[in-house]
Amino acid sequence: MTLPGTDATQREWTRRELLRAGAAGALLATMPGCAGPAGNTASSRTQTHHSRVFRFVHLTDIHVQRELNGDKGFAKALTAVEALRPRPEFILTGGDLVFDAFEVTPQRAKELFTLYKKIVADNTSLTVHPCLGNHDIFGWKSPGVDSRSPGYGKAMAMDYLGMSDSCYHFDYHGWRFFVLDNIQSAANEDGYRGGLSPQQTEWLADALRQTPAAQPIVVCEHIPLITVTAFAHEGMMTDGAWRFRDNFVCGDATARLKLLRERNVRLSLSGHIHERDRIEYCGTTFINDGAVCGAWWKGPNRGVEEGFGVIDVRDDGSFDHQYFDYGWQAVAES
Ligand SMILES: [Fe+2]
């Protein structure tokens, strides 16, 4: 199965597409309370008549394991990535790469990261940009493991994945990609919460300040900054108030939304929920992608098939996102 699009990584927009994008952008620019940075307007985004296109994929919530053939499922997803035309230029992961490092023995966690790396090496030659999820953190709830244990916390994943920092950014054809680590230790029943630490927030604010105001930005993190999926989950409404826990949605969303508005953040990608939504808010599109593993390799989750995001971006700051069902059939559906 191929996606509609270009047959090369570069194409020109038709006049009709440019007019359509301009109309959408004009609507966005007139929304009250959503003034964006200089350059983030319809007219500036549609001046370019020869837009370069490149494609990347967003693979989140892989949860690799040998049980339920999760290893074969991940290999199939990567094979599907390689078969896409146009071919993606890199893979952005969304965290929860393994299942699970959070509450297992050191041996089990190491086996899973070894398995993850082997499947990647055997099935794709694309660059893979790692992102940490809560299940990638070693030992926060493992019996007999503490902060003196080798690889404790984020160290094991970062070591296996070759990460020198858990928050980082890179540039690709004029776009800046921020990959954030929004998993923090917490004294709640799950042992973690979503949000950046004060040091990470400072780093992000500084890095955004150093990013040109018009440069298009993609942010990728595990726990969503905002998501509408919460409204469909039982137990979120109590005593007449919606209550979203900060391990479902990032607790620092208010401060970070303000930060993002200061720059040209076109797209914010997340995972964690194993469902899908898309929110347009103040010039940024927030996409929560479905999981590569669906319902932890037991079939689709709440009707969302096992899959990943395919994103085609253009140098005028616009993009297309499609959710790609790579055709996995669970061995035993829940
Ligand atoms: Fe997950």
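The conditions of being in contact with a helix residue (DSSP H, G or I) (Cβ under 9 Å, 6 or more places away or on another chain), open to solvent by less than 10 Å² (accessible area, probe 1.4 Å), more than 16 Å from the ligand (Cβ to nearest atom) and at pLDDT 95 or above are met by Arg256. With respect to the conditions (1) open to solvent by 20 Å² or more (accessible area, probe 1.4 Å); (2) among the acidic types (Asp, Glu); (3) touching a Ser or Thr at 6+ places or on another chain (Cβ under 8 Å), Asp325 lacks only one, and its number is (3). Residue pairs whose Cβ atoms lie under 8 Å apart, separated by 6 or more positions or on different chains, with the first residue in region 203-219 and of a type in the set (Phe, Trp, Tyr) and the second at pLDDT 95 or above, are Trp203/Cys167. Among residues of region 50-92 being within 16 Å of the ligand (Cβ to nearest atom), within 17 Å of Trp296 (Cβ to Cβ) and not hydrophobic (A, V, I, L, M, F, W, C), the one that is most open to solvent (accessible area, probe 1.4 Å) is Glu67.
Considering only residues that are among the aliphatic types (A, V, I, L, M), open to solvent by 10 Å² or more (accessible area, probe 1.4 Å) and not in a loop (DSSP other than H, G, I, E, B), which ones fall in region 93-130? Correct list: Leu115, Ile119, Val120, Ala121, Val128.
Of all the residues in region 288-322, those that are open to solvent by 40 Å² or more (accessible area, probe 1.4 Å) and charged (D, E, K, R) number 5. Being aromatic (Phe, Trp, Tyr) and either within 14 Å of Gln200 (Cβ to Cβ) or assigned to a strand (DSSP E or B) (or both) is the filter here, so list the residues in region 139-187 that pass it. Matches in region 139-187: Tyr168, Phe170, Tyr172, Trp175, Phe177, Phe178. Just checking, does region 229-240 include any residue being closer than 17 Å to Leu257 by Cβ and touching a residue at least 40 places away in the same chain (Cβ under 8 Å)? No, region 229-240 contains no residue that is closer than 17 Å to Leu257 by Cβ and touching a residue at least 40 places away in the same chain (Cβ under 8 Å).
The values are calculated or read from the model by the stated rules, or taken from the named source; none is laboratory data. From a predicted model like this one, the values you see are computed outputs, not experimental measurements. Cβ coordinates were reconstructed from backbone atoms using ideal geometry, including for glycine residues, and neighbour counts include every protein chain displayed. Note: areas computed on protein heavy atoms with side chains; ligands, DNA, RNA excluded. Shrake-Rupley method; radii C 1.70, N 1.55, O 1.52, S 1.80 Å.
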